[in-house]
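Okay, structure first, notes after.
The values are calculated or read from the model by the stated rules, or taken from the named source; none is laboratory data. Keep in mind that this is a model prediction, so the values were computed, not measured. Heads up, the Cβs are rebuilt from the backbone with ideal geometry, glycines too, and the neighbour counts pull from every protein chain shown. Only protein heavy atoms, including side chains, enter the accessible area calculation; ligands, DNA and RNA are left aside. Shrake-Rupley method; radii C 1.70, N 1.55, O 1.52, S 1.80 Å.
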Amino acid sequence: YQRRVRGLLCLLLAALIVFSNALLMVALWRQRSRKLNTHTLVFWLALNDMLVGIFVIPSILPSLFSKRTFEMPQVFCSISGIVTSITVTMSVLIVMCLTVDRFIAVRCPVRYPRICSRNRVHLVTALVWTEAILFSVVPMLPQFGGYRFNPITCTCNKKIGRNKRSPFSVSYYILCVVLPLITVITAGSAIVIILMRKPKLSAQLQRAEGWLLNFELDLVKQH
């Protein structure tokens, strides 16, 4: 009974994810005349989340609604594992790119259009997709063992992930977990600090403008 309730909740969650991200993508598409770099990254993030609602969450529903012990076919498990790995990796990397984009926009607003040009954003997006696909498809090679269904979590996990000291696992954790986490924390903290200092800078600029205005009025009165 509890597994069926979880299955219904997952089904509702998948429908909500698909619907909300579809609305977001439509809204971004209608604003294509004012297209910004942030819109491009948010669009890819919404598309990635939609894939989670279409492929990832429904892949665990058979095991939740099954009355007996469910054994997922290896082919289906491999496809589900690859899509899950791609979507998870893409979400982490795109959030990192969004944080860096906002940091540059806050830190260097004048040079932002030149630093984060549209071509560079497309290049970074292509690199992110390449990295996510690479780390998701490589485990399918014979020497890595592919993906295996876990009946406890109802998901398909990488067999190579069990050996956390392997070069592949170490490189994955560094490039897709540690580096994005450090970048998001560092850039996010810097954004907060800059935004907290901006009111002080604005007040100083207003006082300077007021002083210049009074100085000009004094000059006009003297003449």
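Okay, here's what the table says:
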{"item": "Farthest toward positive dipole pole in the range 38-175 [+1 Lys/Arg, -1 Asp/Glu at C-beta], among Pro109, Val83, Leu51", "result": "Pro109"}
{"item": "Kirkwood Rh, Cα atoms: Rg over Rh of the range 76-133", "result": "1.14"}
{"item": "Accessible surface, the range 6-151, averaged per residue in Å² (probe 1.4 Å)", "result": "59"}
{"item": "With every protein chain in place, the range 46-181: carbon and sulfur % of accessible area (1.4 Å)", "result": "69"}
{"item": "Inter-site label distance for Arg118 and Ile185 at 7 Å from Cα along Cβ, in nm", "result": "3.7"}
{"item": "Leu16 paired with Leu127, simple spin-label distance in nm, labels 7 Å along Cα-to-beta-carbon", "result": "3.6"}
{"item": "Protection proxy ranking, peptides 108-116, 173-181, average beta carbon neighbours within 10 Å, highest first", "result": "173-181, 108-116"}
{"item": "Ellipsoid equivalent to the range 91-197 - semi-axes via the Cα gyration tensor, in Å", "result": "34, 16, 11"}
{"item": "Base-10 log of normalised Debye intensity for the range 1-117 (one unit scatterer per alpha-carbon) at q = 0.11, 0.14, 0.16, 0.22 Å⁻¹", "result": "-0.50, -0.72, -0.85, -1.20"}
